[in-house]
Every structure is written in structure tokens, then in C-alpha cells.
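Scroll down for the structure; my scribbles are underneath it.
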Amino acid sequence: MSAKTIVFSGGHHNGALLIAQKLKTQGHEIIWFGHTFSMSGVSNVSQEYKDITEAKIKFIDLKSGKVYRGNI
């Protein structure tokens, strides 16, 4: 099988990260779309960002709004 570029995104990243890491060891390029910060106006980076970048997976920050339960 030839190497592919595989894209991941989503909020609950733990299970997907295991799959991404396995695919990466098989030679696939992994790109992850997510939010660098967990909430608007917060300066601490999200756990998703920390975990993905520590795994040396390319992370692309989504510049989009988020909906929180308190906003509904």
C-alpha cells in the first residue's frame, strides 16, 4: 500500500490519536485540524494541541467559532 495523507479532526482526540500514531508508523502523513486553545479568550493551549504536537503530528489551528452549552 502506498503512503497517503490522512486528516483527523474532532474534540475527543485520545482514541483517534492512537490510530493516527499507528498510521504514521506505517509511513502515512498525518495532518490534524483542531483548536489550539480550548476556549475563546483563553491563553492556555488545549490538551488536544499538546498531545498532537508532542506526537510530532502536523497541527493546523481552526480559526472558527465554537459553541458551548452555556451559549445555547
| request: Under 22 Å Cα to Cα from Lys63, which lysines show up? Leave out anything in the same chain fewer than 8 places away. | output: Lys50
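Calculate, for the chain, the solvent-accessible area per residue in square angstrom, rolling a 1.4 angstrom probe over the heavy atoms of the protein chains. Spell out each step's value before the answer.
Values: 5230 Å² over 72 residues.
Ligands and nucleic acids excluded, the figure is 73 Å² per residue.
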| field | Which labelled figure in (1) 46, 22, 20; (2) 40, 22, 17; (3) 35, 20, 16 is Cα extents along the principal axes in Å, once derived from the coordinates | value | (1)
| remark: Taking Cα atoms, the helix 14-25 axis meets the longest principal axis of the chain at an angle in degrees (rounded to 10) of 30 degrees
| query | Normalised by the number of residues in the chain, what is the relative contact order in percent for Cα pairs under 8 Å and 6+ residues apart? | reply | 29 percent
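The values are calculated or read from the model by the stated rules, or taken from the named source; none is laboratory data. Owing to the predicted nature of the structure, the values given are computational and were not obtained by experimental measurement. Remember, those area values only see protein heavy atoms, side chains included, never the ligands or the DNA or RNA. Shrake-Rupley method; radii C 1.70, N 1.55, O 1.52, S 1.80 Å.
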